Amino acid sequence: MDTRSDLQMSGIGRSQGGSYSHVRLDGMSKINGDTDCISLDSNGTMTIDGALQSESVSINGTAKVEGGLNTNRMTLDGVLTVKEHAVCNELLTVNGRLSIGRGLDGEKVEIFGSLKTRKDVQCEVLSVHGGFSIDGLLNAGLIDIKLNMPCRVQEIGGENITVRRLKKFSVIEQFVPVLSAKLQAHTIEGDEINLEYTEAEIVRGNDIRIGRGCKIGRVEYKNQLLRDDDASIGAVHQI
């Protein structure tokens, strides 16, 4: 029988880690040690000096987890830094800024703000309405990127990959290219690939469309290649 108790703190609070049922933090809170709970709801500023395991996590404000994070569902409205690896088994929704010291494993990941990881991102579905910086491989079955901010990744692998741009080219982007809403990658590989405003060394797949604003070094395709007049492609090879 589970005899875990709830943990509630408001104002400025401090507690030890351990096993809890429901954790509710309002204000400035610090938990010393690994924390295992059914749900965690933080409003304000939270620091966990250890790892966090919880079925559901809701963060509204600023939070830092010094260890790893393992959850089924998480909604972030604010800024979260995870020092180690992060796992979200069902749904991760980022409406702010998420920084992960290592990699991210998930099922469905929704980015409405920004994601930064030092390692790989692995998930089934990735939906982006903002930007990301991934120092490794992005691997997902379905990747749908709607560019609102710069996106950077070393390598992309997936079944269905779509990169589009929703906003118009702004004046500031003409003078500060680093702020341009585009995707930069070394290699993009998938079955169905549809790209806009993408810079990559190699794009490889079965059916490929290289749209406006693209600058691709080499395209390798199996079935068909469609290219926009505006797109720049260095070399094309049918495999």
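The values are calculated or read from the model by the stated rules, or taken from the named source; none is laboratory data. Every value quoted in this text rests on a predicted model; they were computed, and no experiment measured them. No Cβ is skipped: glycine too gets one built from the backbone with ideal geometry, and neighbour counts run over all protein chains shown. These accessible areas exclude ligands, DNA and RNA; they are computed on the full protein's heavy atoms, side chains included. Shrake-Rupley method; radii C 1.70, N 1.55, O 1.52, S 1.80 Å.
Structure above, values below:
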quantity: Cα→Cβ-extended label distance, 7 Å offset, between LYS64 and ASP207, nm; calculated: 4.9
quantity: Cα gyration tensor category, rounded, prolate or oblate, for segment 86-229 with a/c compared to 1.5; calculated: oblate
quantity: Of LYS119/LYS146; LYS182/LYS222; LYS116/LYS215; LYS30/LYS182; LYS83/LYS222; LYS30/LYS146, pairs whose Cα-Cα distance is over 30 Å; calculated: LYS30/LYS182; LYS83/LYS222; LYS30/LYS146
quantity: Partners for LYS108 among aspartates and glutamates (Cα-Cα distance below 16 Å; same-chain residues under 8 apart left out); calculated: GLU55, GLU90, ASP120, GLU124, ASP144, GLU159
quantity: Using a Förster distance of 35 Å, the FRET efficiency for GLU220-ASP135 (Cβ separation, nearest 0.05); calculated: 0.90
quantity: Helix-only CD estimate at 222 nm, as mean residue ellipticity for the chain, using -39500 (n - 2.57) per DSSP H run (n ≥ 4); calculated: -500 deg cm²/dmol
quantity: Approximate spin-label separation GLU124-GLN16, in nm, with each point projected 7 Å along Cα-to-Cβ; calculated: 4.0
quantity: Distance between segment 12-52 and segment 204-239 - C-alpha centres, whole angstrom; calculated: 49
quantity: Candidate residues ILE38, ILE31: accessible-area rank, largest first, probe 1.4 Å; calculated: ILE38, ILE31
quantity: ILE202 - accessible surface, heavy atoms, 1.4 Å probe, Å² rounded to 10; calculated: 40
quantity: Segment 11-72: equivalent-ellipsoid semi-axes (sqrt of 5 x gyration tensor eigenvalues, Cα, Å); calculated: 15, 12, 11
quantity: Gain upon complete extension [VAL236, THR81; 0.36 nm per residue less C-alpha separation]; calculated: 51.7 nm
quantity: Dipole magnitude of the chain about its Cα centre (Cβ charges: Lys, Arg +1; Asp, Glu -1), debye to nearest 20; calculated: 780
quantity: Value of relative contact order over the chain, rounded to a whole percent, pairs C-alpha under 8 Å and six or more apart; calculated: 8
quantity: Percent accessible area from carbon and sulfur atoms, the chain, protein chains only, probe 1.4 Å; calculated: 46
quantity: Heavy atoms of GLU189: accessible area, 1.4 Å probe, square angstrom to 10; calculated: 80
